[in-house]
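The values are calculated or read from the model by the stated rules, or taken from the named source; none is laboratory data. Just so it is clear, the model here is predicted, and its values are computed rather than measured. As a convention, Cβ positions derive from the backbone with ideal geometry for all residues, glycine included, and neighbour counts pool all protein chains shown. Each accessible area value is taken on the protein alone, full model and side chains, heavy atoms only, with ligands, DNA and RNA left out. Shrake-Rupley method; radii C 1.70, N 1.55, O 1.52, S 1.80 Å.
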Amino acid sequence: MAARPHVDPCPYDRCDGSGIVIDWEANETYRCRCWPERVARRRARRLSREIPRKFRNLSFDREPIPSIERAAPWQVRAVRDYCERIDEMLDQGRGMWFLGSPGTGKSHLAYLISQHALAANRSVAIYTGPRLLDEIRRTYSDEEAGSTLDLIDRLTSVELLHIEDLAVARPTDWVLEQLYNIINGRYENQKSIIFTCDLTGDEEEPGEIRPDDLARHITARNFSRLMEMCGDPIPLMGPDHRRTEVR
C-alpha cells in the first residue's frame, strides 16, 4: 500500500490540509483561508529557494550576528523585529533593504529574514541579481509558449522575494524592463521583497551612503516602488569583515 504523501497541516485549523473545507451540514465545500498560501508554495517550488551553505542555520545568538550587532545595533534590532513579526510583515507586503559597504553583514541579515520566512512555512524565492536575469533569459529559448510570462508570474506571486546584489547587473534596457516587470508586479500584488545593494558613493566620497545612486541605476520608477515597499535602507558601513578574517 502506497504511503500517503505528506500534507502540511492547516495553520488556521479549518481544513484537513487539502485547502478545502467541507461543510457537512450545509452540504457544500469552499476554499480554506490557507488555500492561497498553498498555491503560492506550489508555484514557488520551481523557483530557487536554496539558502547557500555559508548562510544556513543563522541565529541572533550565534556568530557572526552578535559581532554585526555590536557594530550596527539598531540595524540588527530592526531585523529582529521583522523576523519576530514575519507573518504580519509578509501579509502586509512589507520589505526591507540593506545598503552599504561590502563585507559588513548585509547578506547575513537578509538571509536571516529568508530563514525565518521558510521556518514560518511561507513561500520564498532567493536569487542573486545576475542569476535572476539569467533565469529569465533562459526562458526565451524555451519552446513552451508563455514560459517567460509564467516565470515572471511566479516571481511576482511568491510571498517573499530575496535578491542579493540588486545593483550588480549592467542596466541595459532589457534588464530595466525585466526589473520593472518583477518589481511592479510585486508592488501591485503587495508582495514582500528584501534585497542587498553595495552602491555607496563614488571615488571622491567612497564611504557616503547614497540611496539615490540606486535610483539612477535601476530608474526612478523602480526605485520609487521599492521605497514604498521597503522604506528607507538599513545602512551597514565599516571595514570589510571578509578581508579582516583573511588577515
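For I20, the amide hydrogen comes within under 5 Å of the amide hydrogens of C32, counting only partners 5 or more places away or on other chains and with H modelled in the peptide plane. 3J(HN,Hα) along region 71-85, derived from phi through the Karplus expression 6.51 cos²θ - 1.76 cosθ + 1.60 where θ = phi - 60°, amounts to 7, 9, x, 6, 5, 5, 4, 5, 5, 4, 5, 4, 5, 5, 10 Hz, with x in place of Gly and Pro. Straightening the chain between A220 and T29 buys 64.1 nm, computed as 0.36 nm per residue apart minus the Cα-Cα spacing.
Working ranking of peptides 51-63, 12-24 by packing, defined as the average number of other Cβ atoms within 10 Å per residue, highest first, is 12-24, 51-63. Once the Cβ-Cβ distance of E135 and L176 is raised to the sixth power relative to R0 = 22 Å, the FRET efficiency obtained is 0.85.
In the context of the full set of protein chains, region 70-121 has a per residue accessible area of 39 Å² (1.4 Å probe). Using θ = phi - 60° in the Karplus curve 6.51 cos²θ - 1.76 cosθ + 1.60, the 3J(HN,Hα) couplings for region 217-232 round to 6, 10, 5, 5, 5, 5, 4, 4, 5, 5, 5, 5, 6, 10, x, 5 Hz; x is entered for Gly and Pro.
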